[in-house]
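The structure appears below as structure tokens.
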Amino acid sequence: MDNCDSLFSQANAEFVNENYQSAVDLFTKAIAANKTKSEYFTNRAHAYFKLNEYEKAIEDSENSILLNPNSMKVFIRKGICQFELKRYQEALATFQHGQKLDSNNKTVELWLDSCREKLGLPKEQKQQNSVPNSSTQDANPETSVQSATSAVTPTPAPHRTKYDWYQTQTFTMITILEKNVNKDDIQVDYGDKTFKLVAKLPNGEEYIMQLNLANTIVPAECQVKVTPLKIEVKLKKKEDIHWKHLESSADNTITTPYASVSKDVKETKPLSHFRNWEKFVKEVTEEEKNEKPEGDAALNHLFQQIYADGNDDVKRAMVKSYVESSGTVLSTNWNEVGEKAVDVKPPSGMEYKNWEA
């Protein structure tokens, strides 16, 4: 692994651990070393988005689009940032451009509706199948009615589970935004290249995800973490390689058919179901503030709070000490670490080895 990929992997690890500013710093180093990889700009844009630095996220999205003009998620993120900045006309144009890449993308359709609502424009009407002309209708009235009914009744599209995923050098992370799920109500099965999760939601519905993975995992080292806001699945990679895709094929995502669960149970609604995005973002932000982490999560939250409240010297000291020590030292004293390299200090009883040597 060259230095650029190593920095990129470290940055993704920081992002997964919700250390977004540290992730930005590492993505920036990777970009400085190689400005030709669109994913570097894409992921830094996501980190900027998490920090509410929307202008910078837009700039990185535009650079990513120049390198890879066919990435739907980059257009979506750019449009969301413009929407958050209340630049609704620009957001509308961005989502319209993205829609050209995938005319059936439901997330884009919802954001387009939100933009038009803000601009006072009518929502775009989907073209309906027309009723047959009277001159071509069957002479039998019953047959005519049946033909007309079948013509205007669209076939429902199959439901596909919505989720997001990220990766580090050693793990692939799947995040499912389902709130207040009880850990005891989750069943997970891992295979060498398969993954299945069944979760009973607070409202009694069942959420089912089944994937054929693009690469091999180590089932015994996979984990599931449940917070009040989401379900996080941590898949241990068998090989320390970068996954280009999560699934072996886009058609291999399987969800339980509507009828096979229960006639009274509706499909789990994906993230794109929410039409009032501003309200949803505010609710999630407020719940994150009220969430009380425990154990390692509490310690990570403390470090994040120290970083957020610290001055520039504190932030530089934390980033420099953490990166140079390979995550074994975290200092807030810039006078102590600013002028010299920070040595690796592994925990007592452990030995540090440089695997790239």
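The values are calculated or read from the model by the stated rules, or taken from the named source; none is laboratory data. All of these numbers come straight from a predicted model, not from anything done at the bench. Positions of Cβ are generated from backbone atoms using ideal geometry, with glycine treated the same way; all protein chains shown enter the neighbour counts.
Number of residues in region 176-192 that are at pLDDT below 90 and surrounded by 16 or more Cβ atoms within 10 Å (Cβ to Cβ): the value is 3. Whenever a residue of region 2-31 is closer than 17 Å to residue 306 by Cα, its partners that are in a loop (DSSP other than H, G, I, E, B), lying with C-beta atoms within less than 6 angstrom and at least six residues away or across chains, give the pairs 20/51.
Rundown of residues vs (1) among the polar types (S, T, N, Q); (2) under 17 Å from the mean Cα position of the chain (by Cα); (3) under 23 Å from residue 114 (Cβ atoms), yes/no style:
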| site | (1), (2), (3) |
| --- | --- |
| 16 | no, yes, no |
| 21 | yes, no, no |
| 26 | no, no, no |
| 30 | no, no, no |
| 54 | no, yes, yes |
| 63 | yes, no, no |
| 67 | no, no, no |
| 70 | yes, no, no |
| 78 | no, yes, yes |
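Tell me which residues, restricted to region 218-234, are closer than 12 Å to residue 173 by Cα and not basic (Lys, Arg). Across region 218-234, the qualifying residues are 222, 223, 224, 231, 232, 233.
In region 193-235, the qualifying residues are those that are within 18 Å of the chain's Cα centre (by Cα) and charged (D, E, K, R), and the one that is nearest to residue 180 (Cα to Cα) is 230. Could you tell me whether residue 52 is in contact with a helix residue (DSSP H, G or I) (Cβ under 7 Å, 6 or more places away or on another chain) and more than 16 Å from residue 242 (Cβ to Cβ)? Answer is no for this residue. Kindly check whether there is at least one residue in region 70-77 that is among the basic types (Lys, Arg) and farther than 24 Å from residue 230 by Cα. No, there is no match, as no residue in region 70-77 is among the basic types (Lys, Arg) and farther than 24 Å from residue 230 by Cα. Flag: residue 320 matches the condition of being within 31 Å of the chain's Cα centre (by Cα), at pLDDT 80 or above and outside the structural domain of residue 7 (by TED's automatic domain parsing). Looking only at residues in region 199-214 that are in contact with a strand residue (DSSP E or B) (Cβ under 7 Å, 6 or more places away or on another chain) and assigned to a loop (DSSP other than H, G, I, E, B), which one is surrounded by the most Cβ atoms within 10 Å (Cβ to Cβ)? My answer is 201.
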